[in-house]
1. Pairs of Cα atoms under 8 Å, at least six residues apart: use those to get the relative contact order of the chain, whole percent.
2. Quick one: dipole size for the chain, taken about the Cα centre, charges +1 on Lys/Arg Cβ and -1 on Asp/Glu Cβ, in debye to the nearest 20.
3. Would you list which lysines come within 30 Å of K59, measuring only between C-alpha atoms, while excluding same-chain residues fewer than 8 positions from it?
4. Taking the alpha carbon gyration tensor of the chain, what are the square roots of 5 times its eigenvalues, largest first, to the nearest whole Å?
5. Please name which of P293, G200, V32 has its Cα lying farthest along the dipole of the chain towards the positive end, using unit charges on Cβ (Lys, Arg +1; Asp, Glu -1) and the Cα centre as origin.
6. By how many nm would the segment from R276 to R118 grow when fully extended, if each residue of separation counts as 0.36 nm and the alpha-carbon distance is taken off?
7. For a quick check, take a GNM of the chain with Cα springs below 10 Å and name the residue from G274, G336, G43 with the largest mean-square fluctuation.
8. Report the FRET efficiency, 1/(1 + (r/R0)^6), for E75 and R216, where r is their Cβ-Cβ distance and R0 is 22 Å, rounded to 0.05.
Amino acid sequence: MVQTEVLRVHPTRPAAAKIKRAAAVLRQGGLVAFPTETVYGLGANALDEKAVARIFAAKGRPAYDPLIVHLATPEELPRVVREVPELAWTLARAFWPGPLTLVLPKAPNVPPNVTAGRHTVAVRVPSHPVAAALLRAADLPVAAPSANRFGHTSPTTAAHVLEDLNGRVDLVLDAGPTPVGVESTVLDLTAEEPTVLRPGGVSIEALAAVLGRPPRLAHPTVVEGAEVPAEGLASPGMLAKHYAPHAELWLLLGPQEAVLAEMRRRVLELACAGRRVGLLVADEDRARLEDVPAVLVSVGSVRRPAVIARRLYTALRELDRRAVEVILARDFGSAGLALAVRDRLLRASGGRVVWVEHEEGKTG
Ligand code: TXA
Ligand code: MG
């Protein structure tokens with residue numbers, strides 16, 4: 001156990017002295033949790049193998065799961081990347097600083113634990129002013145996974161970080177809630193064609209506009225139009241429980257009417273069995289569910305996927321705090337950031353997905 005120091009900083013104009021203090025902790029091999037535009041990261045000097053090992057220990061993260069390296073500017077890519085393809089520069093110009101992570105060939109000086117022994121390294125240049133200031137002051141590539149215990153919901157506030165990691169991290173920079181709310185989009189540029197390994201803060205539509213066509217998606221379950229293939233969902237490895245609240249989460253996919261009817265049916269059944277149920281819904285659903293015996297949490301209007309993304313993890317933590325045992329979540333579609341929301345809910349469900357085809361009572 002270490003004593004965790006918390007420094008409050010202004011989200012857009014952080015005090016230089018506090019940034020300097022955090023940078024010094026990183027340079028001495030310590031762990032600093034800091035805000036990025038997506039979620040809070042748990043940072044260490046990416047070129048210091050021992051410091052990086054402390055990240056894995058603090059998170060309880062298995063050694064096979066590689067980390068993202070954060071840089072102050074795109075010009076620093078050669079510090080950690082062996083060879084930067086032209087397409088990486090094009091994407092950097094379009095999306096950096098911002099929530100896009102590129103998987104590129106690793107430079108030899110990056111210790112093997114950062115990349116879990118792979119020959120590729122994931123890198124991004126975050127846009128949050130506090131992250132940017134810290135990276136500039138430390139003058140180091142900083143390896144940082146999301147600052148949560150492994151498998152748990154990612155933190156979008158410093159309080160979330162402390163819930164999971166108090167006493168396991170040297171310093172937390174608290175700049176309030178993070179604006180994007182879901183993690184970066186991970187795009188593999190070492191595959192035969194650009195492949196999205198994780199949908200996130202940069203939408204598929206935005207990537208397609210720069211690439212000239214939609215990127216390949218590594219996970220067919222999150223494909224546009226979502227005829228979610230049953231065999232895909234059955235694959236437990238792909239949906240290994242991740243980004244998850246403590247409660248058991250079920251994701252209900254399908255047309256809104258049918259999903260709400262199924263939610264209502266399940267709540268009543270679970271309530272009868274004496275279980276405390278939480279519902280993760282949209283503003284538009286509230287009126288339809290107000291009378292059901294469940295804790296209702298809305299993440300916003302279905303018309304504003306970016307707001308839903310921003311509120312998702314706080315909503316999941318709130319349902320945990322309100323001690324529900326089962327969460328029934330609706331799907332919010334796949335346009336823009338809603339795709340990342342669907343991906344996280346799929347993973348949080350650990351495969352507990354229900355495809356609701358028809359309204360109650362209908363057949364055929
Ligand atoms: O928004 C974000 O990306 C946040 C903030 C802190 O930057 N970070 C984050 O890190 O979400 P983490 O460790 O929770 O997720 C990193 C993801 C994992 O899915 C990991 O498998 C993948 O990136 N990844 C990292 N290095 C990789 C590599 N060399 N090849 C393929 N995937 C990689
Ligand atoms: Mg994570």
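Read the figures in this text as sums done on the coordinates, not as results from a lab. Computed from a predicted model, the values in this text were never measured in an experiment. Virtual Cβ from ideal backbone geometry, glycine too; neighbours counted across all protein chains shown.
1. Values: 825 pairs, mean separation 68.2, N = 364.
In percent, rounded to a whole number, it is 19.
2. On the way: 43 positive and 39 negative charges, 216 e Å.
Taking the Cα centre of the chain as origin, the dipole is about 1040 debye.
3. Of all the lysines, those that pass the test against K59 - Cα under 30 Å, at least 8 places apart if same chain - are K18, K20, K50, K106, K241.
4. Values: eigenvalues 252, 111, 60 Å².
Semi-axes (√(5λ), whole Å): 35, 24, 17.
5. Checked the options; the winner is V32.
6. Working: separation 158, 0.36 × 158 = 56.88 nm, distance 4.36 nm.
Net length gain for the segment: 52.5 nm.
7. Per the Cα network of the chain with a 10 Å cutoff, G274 tops the list.
8. Values: r = 28 Å, r/R0 = 1.29.
With R0 = 22 Å, the Cβ-Cβ based efficiency is 0.20.
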